[in-house]
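Student: One structure, as structure tokens, below. Some questions next.
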Amino acid sequence: MVENNSPRIAVVLNAFKRTQYLPLQVEAIEGQTIKPDKIYLWHNFGESLPDEIKHQCIIAECSENLGVWARFAYALNIDADYICVFDDDTIPGNRWFENCLQTMETHEGLLGTRGLRFLSSKRYHPFESYGWGKGDSNEETQQVDIVGHAWFFKREWLAAFWSELPPSNASKIAGEDIHFSYALQKYLGISTYVPPHPINDKSLWGSLPEYGEKLGTDNAAISSSQTALNRFDIALQYYVRNGFQLCLSFSDRLQKGVVLGSGIRTNTFVRSITNKSPFLKNSGKKLLTLLSKLGIHI
């Protein structure tokens, strides 16, 4: 339990697949330097839960997979000062909550362990990234457009999240990250940030890379789907049309490079070919990386 003088932090976990990693995730959360008040678990219909974590969580069982949005509705039941929602592939360092509370003192906003600054208002890729990803570590707090993998926020900000419903045709497995940042910006004037992720102190990180790189790219990862980027593009375009202001101005984005077309990553034909050939897939990634360094994004 939390100390008397510490803010109460509640956690929301999501279970669908990869439930074998829940004990590791719960252990990392219970091992925080600032202890969580309670852990809430939203169990979408899928794999069974490990017995050892059942007594550690308040569990809501759902007979259908309602996707990534449901956990933010479940969070409305929480009585705490702060809430941290974790993706199922995210294992935090033991000072993550401490890092978030310290960041709130200087940059009050929606916090996350990986953040993106979009270089186009129509395409998810390309972007600048900060946080736990390889080569993305940041020594100072960075303002970004959206965060993911972990969301740390004040409980009352859920009112902004649900002040505007997502479109009726919204994907069940994409868009909640953009929606949250958009809603806080629109209704409360609150920005989105990535707290410091210093390269030499991973205890402060919201996702330990040795787990994030493995779990975030396995077959259960949402982003591994061929249609994932299309869903992300659609969500970004929708919220920009409805007033979402990106961190980088149009002139700033132009200085970062030229964005051409709708994006080769979302081309179904190209992806079908590269997914059948590891050589073509790796070669394609290297080519896209080289072009992006030259300021050309295709």
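The values are calculated or read from the model by the stated rules, or taken from the named source; none is laboratory data. Since this is a predicted model, take the numbers as computed values, not measurements. So basically every Cβ, Gly included, is an ideal-geometry build from the backbone, and we count neighbours across all protein chains shown. Heavy atoms of the whole protein, side chains included, go into the accessibility calculation; ligands, DNA and RNA do not. Shrake-Rupley method; radii C 1.70, N 1.55, O 1.52, S 1.80 Å.
Student: Using a Förster distance of 45 angstrom, determine the FRET efficiency expected from the C-beta separation of A60 and Q143, and round it to 0.05.
Tutor: Working from the Cβ atoms, E equals 0.85.
Student: Here's something else I'd like to know. So, in Å, what gap is there between the alpha-carbon centers of segment 277-298 and segment 69-140?
Tutor: For segment 277-298 versus segment 69-140, the Cα centre distance is 27 Å.
Student: Near K38, which lysines are there with a Cα under 17 Å away, not counting those fewer than 8 places off in the same chain?
Tutor: Qualifying lysines at Cα under 17 Å: K54, K154.
Student: Okay, moving on. Here are a few candidate values for mean projected area of the Cα convex hull in nm²: (i) 21.0; (ii) 15.6; (iii) 16.9. Which one was actually calculated from the structure I just gave you?
Tutor: Correct label is (ii).
Student: Sticking with this one: For segment 1-64, what % of the accessible area comes from carbon and sulfur atoms, probe 1.4 Å?
Tutor: The C+S portion of the solvent-accessible surface of segment 1-64 is 49 percent.
Student: Percent antiparallel among DSSP beta bridges with both residues in the chain, to the nearest 5?
Tutor: Among the beta bridges of the chain, antiparallel pairing accounts for roughly 50 percent.
Student: With both partners inside segment 101-228, how many of the DSSP beta bridges are antiparallel, as a percent to the nearest 5?
Tutor: So the antiparallel bridges in segment 101-228 amount to around 85 percent.
Student: In addition: Could you list which residues have their amide H under 5 Å from that of A150, counting only those 5 or more apart in sequence or on another chain, with H placed in the peptide plane?
Tutor: Here D87, T113, R114 satisfy the definition.
Student: Note down the magnitude of the dipole of the chain about its Cα centre, charges +1 on Lys and Arg C-beta and -1 on Asp and Glu C-beta and zero elsewhere, to the nearest 20 debye.
Tutor: That gives the chain a dipole magnitude of about 1480 debye.
Student: Over 18 Å between Cα atoms: which of K122/K293; K122/K276; K134/K214 fall into that group?
Tutor: Listed pairs above 18 Å: K122/K293; K122/K276.
Student: Packing-wise, with mean Cβ within 10 Å as the measure, how do 279-289, 106-116, 49-59 rank, highest first?
Tutor: 106-116, 49-59, 279-289
Student: Out of every Cα-Cα pair in segment 174-298, what percent are more than 26 Å apart?
Tutor: 39
Student: Could you work out the relative contact order of the chain? I mean the mean sequence separation of Cα pairs under 8 Å and 6+ apart, divided by the number of residues, in percent.
Tutor: After rounding, I find 18 percent.
Student: Just V12, V85, V270 to compare: in a GNM of the chain, with alpha carbon springs under 10 Å, which one fluctuates most?
Tutor: Judging by the Gaussian network model, the answer is V270.
Student: At 222 nm, what value in deg cm²/dmol follows for the chain if DSSP H runs of at least 4 each add -39500 (n - 2.57) and the sum is divided by all its residues, to the nearest 500?
Tutor: One gets -9000 deg cm²/dmol as the mean residue ellipticity at 222 nm.
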